[in-house]
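The values are calculated or read from the model by the stated rules, or taken from the named source; none is laboratory data. The model shown is predicted, which means the values in this text are computed figures rather than measured ones. Note that each Cβ is placed from the backbone with ideal geometry, even for glycine, and that neighbours are counted across all protein chains shown. Ligands, DNA and RNA are excluded from the accessible area calculation, which covers all protein heavy atoms including side chains. Shrake-Rupley method; radii C 1.70, N 1.55, O 1.52, S 1.80 Å.
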Amino acid sequence: QGTRDHAPAQAALRDRLLSAVVSCFKRHGAAAIDTPALELRETLVGKYGEGTKLIYELQDQGGELLALRYDLTVPFARYLAMNKITNMKRYHIAKVYRRDNPATTRGRYREFYQCDFDIAGQFDPMIPDAECLKIVHEILSDLQLGDFVIKVNDRRILNGVFAVCGVPESKFIPACSTVDKLDKVPWEEVRSEMVGEKGLSPEAADHIGEYVQLHGGLDLIEQLLQDPKLSQNKLAKEGLGDMKLLFEYLTLFGITGKISFDLSLARGLDYYTGVIFEAVLLQQEKEHVEEPVSIGSVAGGGRYDGLVGMFDPKGRKVPCVGVSIGIERIFSILEQRLEASGEKLRTTETQVLVATPQKHLLAARLKLISELWDAGIKAEMLYKKDPKLLKQLQYCEDTGIPLAAIVGEQELADGVVKLRDVATREEVRM
C-alpha cells in the first residue's frame, strides 16, 4: 500500500534523524509551526505542475471538497496570507501524502515526512537564499552520509535560456518540467520529448541543449554574463547577477566546494520564481571512476515569491525562500547502513533499571523508581513482584540500559543504594 509500520529500532533511528534536523533549524532561529493535514482542494490544485495528478482528493464532505496536503510549502503560503504575516522564519516537520506508485526500496512512499525550513519577508537579495544552502550543507555534513553536491540554478536564467532559444512563453513551464528529467535520462530522450510531446522546434531544442548541459561555478556565471544572447535578456541577466552574489556569500560561508551551478536543474514545481537548488548524494562506485554516480536527491528548494499572493484577497506578495530535507530517503540510506553493519540500536533512552535481589521488595522498588522519575531520571523496572536478579541484569544487557540501581535487605538497613555498571560489573554504594 506504499506506507509502512516502524519497528522500535527503526522508530528510534528516525527519531535521532529528526532531532538532528530540528536542532539545525533551531540553531538558525526558526520557530515551529503546524498546519492541518487537510486543506481545501482549491488551495492545492494548480500549484504543482504535473504533480497535481498525485494529490489525494477527498469526496464532498459536508459541502467542501478537501484534499490531503501534498507538501508543506503551499499550506505555509496559505497560512501567511490568512494571518497577514509578512515576516517569518519557520520550520515544520509533518507527514505529506501523494497518490504515487511507491518504490519502497528507494524510500518513495505515499505517506512520508517532510522537513521544511523557510524564510518569508522582504530582505536584501540572496542573503536568506545563501542561509538555506548553508543549512542543507550543515545537515548533510552532520549526518555523515558521504559525498554530496548541491546543484543551484535560477528559474529566471532558465526562462532566459528558453526565450533566447526561441521558445514561446506559453511553453516555458512544460519545457522546464522536461529539462528537469535530465538527471535521470540522457539528453537525446529529453530532446525527443521536447520536440515530440511539448511541441518545440528541433532547432530550439538543440539550442537549449547547448546551455542546459553546462555546469560549473563562478567562472561559468562570468562566462554566461558575457554571452552575447543571454546578456541581452533582462530575466537571465537579473538571474545571473543574483547567482554571482549568491556565490560570493557561499564563498564567505566556506561551502562552495560542494556547490555546482547547473543549468539542467529545473525542479518540476510551478511555484518557483528565482533561485532553485537540489542536494544529491554521490556514490563512488569504483575507485578509478572519474564521475561519481548520483544516488538521488535528498533535499531541494528554492525561491517562490508569488505563492503567498495567490491566497491574499488583495494579491499582496510576500517573498519566500525555503528548503525541504528528504528525510525518508536519508532514513532509507541510514537504515541499510545499520543493517549492513549489524550494529544494534538502542530503542529506549532508559538510564537505569531499578532492581531487587530478594523476594518481597516490590515496595522498595516502587518507592525508589518514583523518586527517580520525579527527579527527571529515565528509569524502568520489571513488572514482576519477585523477579530474579539475573533476569533483571539480563534485561539491562538486552536493551542496553547502562546502570542498575539495586536495593536489597542489606541496602535498606544501611540506607543506601548499590549502583552497578552493567558492562563492567563495578558497583558503588550511594
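Can you tell which of E427, E409, E397 is open to solvent by 50 Å² or more (accessible area, probe 1.4 Å) and either among the polar types (S, T, N, Q) or more than 17 Å from L368 (Cβ to Cβ) (or both)? Just one listed residue meets the conditions, E397.
G239 passes every criterion in (1) surrounded by 15 or more Cβ atoms within 10 Å (Cβ to Cβ); (2) not in a helix (DSSP H, G or I) apart from (2).
Among strands (runs of 3 or more DSSP E) entirely within segment 1-69, having at least 2 residues that are acidic (D, E) singles out 57-61.
Can you confirm whether segment 316-337 contains a residue that is open to solvent by 70 Å² or more (accessible area, probe 1.4 Å) and either in a loop (DSSP other than H, G, I, E, B) or touching a Leu at 6+ places or on another chain (Cβ under 6 Å) (or both)?
Let us first name the residues in segment 316-337 that are open to solvent by 70 Å² or more (accessible area, probe 1.4 Å), namely 316-317, 336-337.
Okay, now just the ones that are also either in a loop (DSSP other than H, G, I, E, B) or touching a Leu at 6+ places or on another chain (Cβ under 6 Å) (or both), so 316-317.
Yes: segment 316-337 contains one or more residues that are open to solvent by 70 Å² or more (accessible area, probe 1.4 Å) and either in a loop (DSSP other than H, G, I, E, B) or touching a Leu at 6+ places or on another chain (Cβ under 6 Å) (or both).
Identification of helices (runs of 4 or more DSSP H) wholly contained in segment 131-218 with 2 or more residues that are closer than 19 Å to Y272 by Cα and of a type in the set (V, I, T) yields 155-164, 172-179.
Within segment 210-234, the residues that satisfy the criterion of being open to solvent by 70 Å² or more (accessible area, probe 1.4 Å), touching a residue at least 24 places away in the same chain (Cβ under 8 Å) and under 30 Å from E189 (Cβ atoms) are Q213, H215, K229. Scanning segment 340-384 for residues that are assigned to a loop (DSSP other than H, G, I, E, B), more than 40 Å from the chain's Cα centre (by Cα) and touching a residue at least 24 places away in the same chain (Cβ under 8 Å) yields T356, P357, Q358, K359, H360, L361. Suppose we filter segment 70-93 for residues that are open to solvent by less than 80 Å² (accessible area, probe 1.4 Å) and in a loop (DSSP other than H, G, I, E, B); how many remain? The total comes to 4.
The sole residue among I150, I157 that is open to solvent by less than 30 Å² (accessible area, probe 1.4 Å), assigned by the TED database to the domain that holds G49 and more than 21 Å from the chain's Cα centre (by Cα) is I157.
Got at least one residue in segment 199-213 being in contact with a helix residue (DSSP H, G or I) (Cβ under 9 Å, 6 or more places away or on another chain), at positive phi, of a type outside the set (F, W, Y) and assigned by the TED database to the domain that holds E169? Within segment 199-213, one or more residues are in contact with a helix residue (DSSP H, G or I) (Cβ under 9 Å, 6 or more places away or on another chain), at positive phi, of a type outside the set (F, W, Y) and assigned by the TED database to the domain that holds E169.
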